[in-house]
Amino acid sequence: ERFDGRGYPEGLKGEEIPIGARIIAVADSIDAMTSKRVYRDAMSLEYCRKEIEKNLGIMYDPAIGKVALDHWNEIVDMLMKLQTGRPKVI
């Protein structure tokens, strides 16, 4: 689903989308963009941040996306720790 209602499978819009799904949409996009794939290299953290920012209200809940952007340095720090093989902190 996309925040603007143009998503799949049901075309839910805004707050019709469960809160957990709206949170996962942002988190999954960050993971997908910053992970190396067979068909492409990982995108830069700066590119990822700009994509999240650009798509607030379109793909992502603007309030949830804003929280992610407001805590971007913490997210980056956690990604760096995970990529270096340090234990995950939950």
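Values quoted throughout were computed directly from the atomic coordinates according to the rules given, and no laboratory measurement underlies them. Note that this is a predicted model, so its numbers are computed, not measured.
Filtered by the rule that a residue be more than 17 Å from LYS66 (Cα to Cα) and either outside any helix (DSSP H, G or I) or hydroxyl-bearing (Ser, Thr, Tyr) (or both), segment 1-18 gives GLU1, GLY5, ARG6, GLY7, TYR8, PRO9, GLU10, GLY11, LEU12, LYS13, ILE17, PRO18.
I'd like to know if segment 39-50 contains one or more residues that are among the polar types (S, T, N, Q) and within 14 Å of the chain's Cα centre (by Cα). So that I can check it myself, show each step before the final result.
Keep residues of segment 39-50 that are among the polar types (S, T, N, Q), which gives 44.
Add one more test, that the residue is within 14 Å of the chain's Cα centre (by Cα), and what stays is 44.
Yes: one or more hits.
Note on segment 19-76: residues that are part of a helix (DSSP H, G or I), farther than 16 Å from ARG2 by Cα and β-branched (Val, Ile, Thr) total 4.
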